[in-house]
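Enquirer: Mind looking over this structure? Questions follow.
The values are calculated or read from the model by the stated rules, or taken from the named source; none is laboratory data. Nothing here was measured: the structure is a model prediction, and the numbers come from that model. So basically every Cβ, Gly included, is an ideal-geometry build from the backbone, and we count neighbours across all protein chains shown.
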Protein chains: 2
Amino acid sequence: MSSLKSKILEVATDLFQTRGINSTGVDTIVAVAGTTKMTLYKYFTSKENLILEVLDKGHQDFQSWLSDQVNSGAKKPSDKLQKLFEFIEEWVTSPNFRGMGFIKASAEFPNEESPVHQLSSEQSRQFRQYISSLASEANVQDADGLALQLSLLFEGAVQAEQMKRGSGAMKYAKKAAKILIDGALVS
Amino acid sequence: MSSLKSKILEVATDLFQTRGINSTGVDTIVAVAGTTKMTLYKYFTSKENLILEVLDKGHQDFQSWLSDQVNSGAKKPSDKLQKLFEFIEEWVTSPNFRGMGFIKASAEFPNEESPVHQLSSEQSRQFRQYISSLASEANVQDADGLALQLSLLFEGAVQAEQMKRGSGAMKYAKKAAKILIDGALVS
DNA sequence: TAATCTATATACAGACCTGTATATATAATG
DNA sequence: CATTATATATACAGGTCTGTATATAGATTA
């Protein structure tokens, strides 16, 4: 990938998160990235296309990072589930955390026919699906139910953290997750 | 309050939720409300002022409805806490549910200096504070911690429900809340 | 050196936005 | 009937936005 294209993606990711997607114009993006609109529209067919690529890259980065951590940090399926939120807390509190794109995007694009909304919705579903697969391997009865509950905690905490950095919400989400996982494992 | 003013507030509440705040122009609002911009700007000094009043009214409606339900539906403090999520589920699944304004608003106005963001943040804090007071009355040790966990579940579920109506997320949030509350009460 | 490819600089069209100015109609009140 | 308050109709100024058109600079390759 061209270095200019990745630079634009990086800058857009940052600006979308800190200023909002609709409130960030392409002029601002190219100015910060140190290039021009002509170049941006060479690599991206439209602003919507740029938004979709930003979302896509953010989600891929997160998912591959997370599954790597889980696979290398725990062997037993139940341990993987237990440690999930510790890795997520690392991600959230790391300096290069820029929020979960799909949470913000779904709020700014509420229309269900919008491609941006649809991608956000799909990413949220994929994340739940990943948790559910971990729960299934750990022999949790209602794996989908637990996955939904854990994802609610996760998304709520990310939102709280986005609203006020250093809120410590993820710490309490982690405690709650442990209680829910323990309960689901014994039953 | 003038009937035209309340009509504008009602329409704006609906459009902000279904189309997004920044994506809804005042021209659209007055067209749907059946009036003109001149009238809107007589009752509201600016669009930002309209947004703030919409948020304010939405939160007041929710909080007064919720505390009425809690007070009339349960006497023992621990029962109030237990039944909280049942009332919230009623609210969320009721036909006139239009989402929680402050969740969307904080996503669309991420700048912490924005008055809209500040009001959203304050409303989120007030809601947590309300849950914490119920937990305190029920003699929960870490009332603030439990309140934060419950609010994470709540906000996550509302977001999921906004993302896809009829997702049933609140049903699972309720189950998770019961587990967390039970654990906090016995310890 | 000449040709080609990539990025820049700049301007602009067309659309949408907020907020206001001006003039008119309609209803209530003296 | 006359006056006054309220709402409408309409136009527009000034700004921002996306996306494109045109012309130019710089670097790489033949």
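Enquirer: Check region A:113-127 and report whether any residue there is out of contact with any helix residue (DSSP H, G or I) (no Cβ under 8 Å at 6 or more places or on another chain) and more than 13 Å from every other protein chain (Cβ to nearest Cβ).
Expert: Taking region A:113-127 and keeping what is out of contact with any helix residue (DSSP H, G or I) (no Cβ under 8 Å at 6 or more places or on another chain), we get A:113-114, A:118, A:122, A:125.
From what's left, more than 13 Å from every other protein chain (Cβ to nearest Cβ): none.
No, region A:113-127 contains no residue that is out of contact with any helix residue (DSSP H, G or I) (no Cβ under 8 Å at 6 or more places or on another chain) and more than 13 Å from every other protein chain (Cβ to nearest Cβ).
Enquirer: While we're here: Are there any pairs with C-beta distances below 6 angstrom linking a residue in region B:126-146 that is free of Cβ contacts under 8 Å to residues at least 40 places away in the same chain to a residue that is surrounded by fewer than 19 Cβ atoms within 10 Å (Cβ to Cβ) and part of a helix (DSSP H, G or I), with the two at least 6 apart or on different chains, and if so which?
Expert: Close Cβ pairs (under 6 Å, with a partner that is surrounded by fewer than 19 Cβ atoms within 10 Å (Cβ to Cβ) and part of a helix (DSSP H, G or I)) amount to B:SER132/B:ASP144; B:ALA143/B:SER136.
Enquirer: Would you check if A:LEU119 is aliphatic (A, V, I, L, M), buried (at least 19 other Cβ atoms within 10 Å of the Cβ), modelled with pLDDT of 95 or more and over 27 Å from B:ILE181 (Cα atoms)? Break it down into steps so the answer makes sense when it comes.
Expert: Numbers: aliphatic (A, V, I, L, M): yes; buried (at least 19 other Cβ atoms within 10 Å of the Cβ): yes; modelled with pLDDT of 95 or more: yes; over 27 Å from B:ILE181 (Cα atoms): yes.
Against the criterion (aliphatic (A, V, I, L, M), buried (at least 19 other Cβ atoms within 10 Å of the Cβ), modelled with pLDDT of 95 or more and over 27 Å from B:ILE181 (Cα atoms)), A:LEU119 qualifies.
Enquirer: Where residues in region B:148-168 are at the interface with chain A (Cβ under 7 Å from one of its Cβ atoms) and over 16 Å from the mean Cα position of the chain (by Cα), which of them is farthest from A:ILE103 (Cα to Cα)?
Expert: My answer is B:GLN149.
Enquirer: Out of B:THR28, B:THR45, B:THR93, I need the residue that is within 16 Å of DNA strand D (Cβ to nearest atom) and away from chain A (no Cβ under 14 Å). Which one?
Expert: On the way: B:THR28 fails: away from chain A (no Cβ under 14 Å); B:THR93 fails: within 16 Å of DNA strand D (Cβ to nearest atom).
Every option except B:THR45 fails the conditions.
Enquirer: Yes or no: B:SER114 polar (S, T, N, Q) and either within 16 Å of DNA strand D (Cβ to nearest atom) or touching a residue at least 60 places away in the same chain (Cβ under 8 Å) (or both)?
Expert: Values: polar (S, T, N, Q): yes; either within 16 Å of DNA strand D (Cβ to nearest atom) or touching a residue at least 60 places away in the same chain (Cβ under 8 Å) (or both): yes.
Yes; evaluated as a whole, the condition is true for this residue.
Enquirer: Among the residues of region A:149-162, are any surrounded by fewer than 23 Cβ atoms within 10 Å (Cβ to Cβ), of a type outside the set (Val, Ile, Thr) and over 24 Å from B:GLY145 (Cα atoms)?
Expert: no
Enquirer: Applying the selection to region A:8-22, what residues are surrounded by fewer than 16 Cβ atoms within 10 Å (Cβ to Cβ) and either within 14 Å of another protein chain (Cβ to nearest Cβ) or within 12 Å of DNA strand C (Cβ to nearest atom) (or both)? Don't jump to the end; show me each part of the working.
Expert: First pass over region A:8-22, keeping only residues surrounded by fewer than 16 Cβ atoms within 10 Å (Cβ to Cβ): A:10, A:18-19.
Within region A:8-22, A:THR18, A:ARG19 qualify.
Enquirer: Continuing with the same structure: So A:ASP68 clears everything in (1) of a type in the set (Asp, Glu); (2) within 14 Å of chain B (Cβ to nearest Cβ); (3) exposed (fewer than 15 other Cβ atoms within 10 Å of the Cβ) except one condition, right? Which one?
Expert: Only one criterion is unmet by A:ASP68, namely (2).
Enquirer: Just to verify a result, which residue in region A:122-147, among those that are polar (S, T, N, Q) and surrounded by fewer than 17 Cβ atoms within 10 Å (Cβ to Cβ), is nearest to B:PHE102 (Cα to Cα)?
Expert: As a first pass, look at region A:122-147 and keep what is polar (S, T, N, Q): A:123-124, A:126, A:129, A:132-133, A:136, A:139, A:141.
Remaining after also requiring surrounded by fewer than 17 Cβ atoms within 10 Å (Cβ to Cβ): A:126, A:129, A:133, A:136, A:139, A:141.
Values: A:GLN126: 26, A:GLN129: 28, A:SER133: 33, A:SER136: 35, A:ASN139: 38, A:GLN141: 35 Å.
Taking the candidates together, the pick is A:GLN126.
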